């Protein structure tokens with residue numbers, strides 16, 4: 001495993017981190033909601049730790065509240081060898097009498113640990129930053145003093161310009177943003193945060209599963225050399241000199257083994273290889289926009305079909321070869337939102353500025369994704 005200084009925190013971070021958003025699930029049992037297979041999750045985490053992974057990222061609502069307790073079980077006996085970071089949903093309205101400090105104590109209890117290495121403002125947007133950013137930092141000060149929190153940070157899906165504002169505020173020591181071959185726009189703010197001495201991390205390095213299809217859909221040159229899709233995707237992320245760690249959701253031993261092998265390679269992609277990948281995915285993005293721009297003029301659908309979501313899944317499958325990912329995401333949609341609920345009323349055809357044959361594409365979505 002390769003390691004890097006995690007900003008100015010003093011921690012040596014493994015290039016690969018364990019994202020606890022996609023833990024193994026129970027199957028073949030009647031359960032209410034998404035039920036985590038705790039024993040298997042702990043085994044998968046232990047495999048990652050044995051291979052040198054020393055970073056875990058979680059959140060209170062992952063797996064409907066089961067992620068944090070499962071992570072706590074996974075790090076038992078190894079606490080001082082593993083960095084744990086969880087997050088605060090500071091954008092959610094506080095209940096009467098509740099404080100942001102109360103939310104941290106709930107998370108600490110769920111994890112069943114004495115301290116967390118970093119507590120992050122979750123999915124930070126500019127409005128939340130301006131409204132409660134200073135209050136969050138102020139309310140965490142007692143925990144920073146007594147060691148129950150070591151560092152503060154944020155995760156964000158906001159614009160690069162707004163994220164730069166969060167970085168320049170000097171309020172945070174750790175940052176987590178979406179960064180992969182599809183969503184490359186955070187590359188510059190990652191380098192900005194790195195120069196500011198922050199620990200930098202990326203979520204979704206394999207695009208949440210969108211980049212796990214056939215490798216030739218990502219890059220024909222790498223595919224011919226025998227690279228797998230996760231290897232292409234992760235190597236691109238690791239090539240950003242400002243990035244310390246990439247958190248990947250891993251739910252099998254095999255996935256951990258493959259990602260750890262990739263993160264253990266010293267060889268990096270050359271600037272020419274990165275430029276070629278970037279050019280390839282720019283072309284793919286243009287093709288995706290020709291297919292559907294996501295303007296949502298077609299919405300609302302009288303039948304309740306989530307038209308842009310359905311078209312986006314078909315686009316992901318076709319462009320990136322992520323058929324299994326798209327199929328699983330489609331089957332997770334509510335029945336009325338699925339393409340098969342289309343009544344062919346034709347209202348979307350009149351509204352679409354791209355003149356897309358929406359009904360025909362919805363028929364294709366239903367045909368390829370439903371059993």
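The values are calculated or read from the model by the stated rules, or taken from the named source; none is laboratory data. A quick note: this is a predicted structure, and the numbers were derived from the prediction, not measured. For neighbour counting, all protein chains shown are included, and Cβ atoms are generated from backbone atoms with ideal geometry for every residue, glycine included.
Would you call residue 352 buried (at least 16 other Cβ atoms within 10 Å of the Cβ), more than 27 Å from residue 218 (Cα to Cα) and modelled with pLDDT of 95 or more? In short, no. Residue pairs whose Cβ atoms lie under 8 Å apart, sitting 6 or more positions apart in sequence or on different chains, and linking a residue in the range 29-51 that is more than 16 Å from residue 18 (Cβ to Cβ) to a partner that is surrounded by 12 or more Cβ atoms within 10 Å (Cβ to Cβ) and at pLDDT below 90, are 29/35; 33/64; 34/25; 34/63; 34/64; 35/25; 35/26. The residue pairs whose first member lies in the range 264-281 and is closer than 26 Å to residue 14 by Cα, whose second member is part of a helix (DSSP H, G or I) and at pLDDT 85 or above, and whose beta carbons are closer than 7 Å, counting only pairs six or more residues apart or on different chains, are 268/238; 269/235; 269/236; 274/236; 277/236.
With the condition kept exactly as written, say whether any residue in the range 226-238 is in a loop (DSSP other than H, G, I, E, B) and within 23 Å of residue 48 (Cβ to Cβ). If you could, list the steps in order and put the result at the bottom.
In the first step, residues of the range 226-238 are kept if they are in a loop (DSSP other than H, G, I, E, B); the result is 226-228.
Among the residues that remain, those that are also within 23 Å of residue 48 (Cβ to Cβ) are: 227-228.
Yes, that holds for at least one residue.
Scanning the range 195-217 for residues that are over 13 Å from residue 180 (Cβ atoms), assigned to a loop (DSSP other than H, G, I, E, B) and modelled with pLDDT of 90 or more yields a count of 3.
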